[in-house]
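The values are calculated or read from the model by the stated rules, or taken from the named source; none is laboratory data. Remember, predicted model here, so these are calculated numbers, not experimental data. Backbone-built Cβ (ideal geometry, glycine too); neighbour counts: all protein chains shown.
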Amino acid sequence: MQRRAALQQMLRRSAGIALGLAAASGLTACGFALRGQQNFAFRTLYSPVAESSPVGTELRRQITSGGEVQWFNEAAQRPRADVVLDILSEQREKVVVGVNASGQVREFQLRLRISFRLSTPQGRVLIPNSELLLQRDISFNESAVLGKEAEEALLYREMQSDAIQQILRRLAAVRSLS
């Protein structure tokens, strides 16, 4: 009886290992890979983003995290930079998209709109004025206002992270500065 239980346990363990290996090989076969460090064609970047800008702060952290790119934000350093990143606008919007029969709000749409441009210090445009628009829907319930405020803040942070990743991919796509 004990041998049979031990044999069943060993078979279950072996099946689990085989299933894990099959899943891992399936992921590698489809081209899945963890997102690695971005490779940029520039080594120095000037951007006059405000210190209070959440997008600018996270973007700076992401770009300089590998230690290969140096970030300048003082106007006197602009001529020393390889590229100039201008964050033209950064807007958060909250729009009512659903109401109930008595006119009370039931659903909002949160939007994050970021415009940016990349150029050389001499004025050659590498990435023309580009706008990213991210949006998420959120239900509303007046009896859970604090929870919905926390959910809204979380959705804005998630949209901001998505936008930063999109900007980083576009910056990494620039291959030549000349």
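Overview of results
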| quantity | calculated |
| --- | --- |
| Any chance Ser130 is within 15 Å of Arg169 (Cα to Cα), in contact (Cβ under 8 Å) with a residue 12 or more places away in the chain and small (Gly, Ala, Ser) | yes |
| Check on Ala50, in contact (Cβ under 8 Å) with a residue 24 or more places away in the chain and within 21 Å of Ala163 (Cα to Cα) | no |
| Options Ala172, Ala163: the member that is out of contact with any helix residue (DSSP H, G or I) (no Cβ under 6 Å at 6 or more places or on another chain), within 30 Å of Gly98 (Cβ to Cβ) and of a type in the set (A, V, I, L, M, F, W, C) | Ala163 |
| Residues of the range 126-162 satisfying the condition of being closer than 24 Å to Ser89 by Cβ and aliphatic (A, V, I, L, M) | Leu126, Ile127, Leu132, Leu133, Leu134, Ile138, Ala153, Leu154, Leu155, Met159 |
| Flag if Arg13 is at pLDDT 75 or above, over 23 Å from Ser161 (Cα atoms) and either outside the structural domain of Arg117 (by TED's automatic domain parsing) or aromatic (Phe, Trp, Tyr) (or both) | yes |
| Boolean, Gly147 is over 23 Å from the mean Cα position of the chain (by Cα), surrounded by fewer than 11 Cβ atoms within 10 Å (Cβ to Cβ), within 21 Å of Gln160 (Cα to Cα) and free of Cβ contacts under 8 Å to residues at least 24 places away in the same chain | yes |
| Residue match in the range 69-89 (condition: closer than 20 Å to Ala153 by Cα, touching a strand residue (DSSP E or B) at 6+ places or on another chain (Cβ under 9 Å) and either of a type outside the set (Asp, Glu) or not in a strand (DSSP E or B) (or both)) | yes |
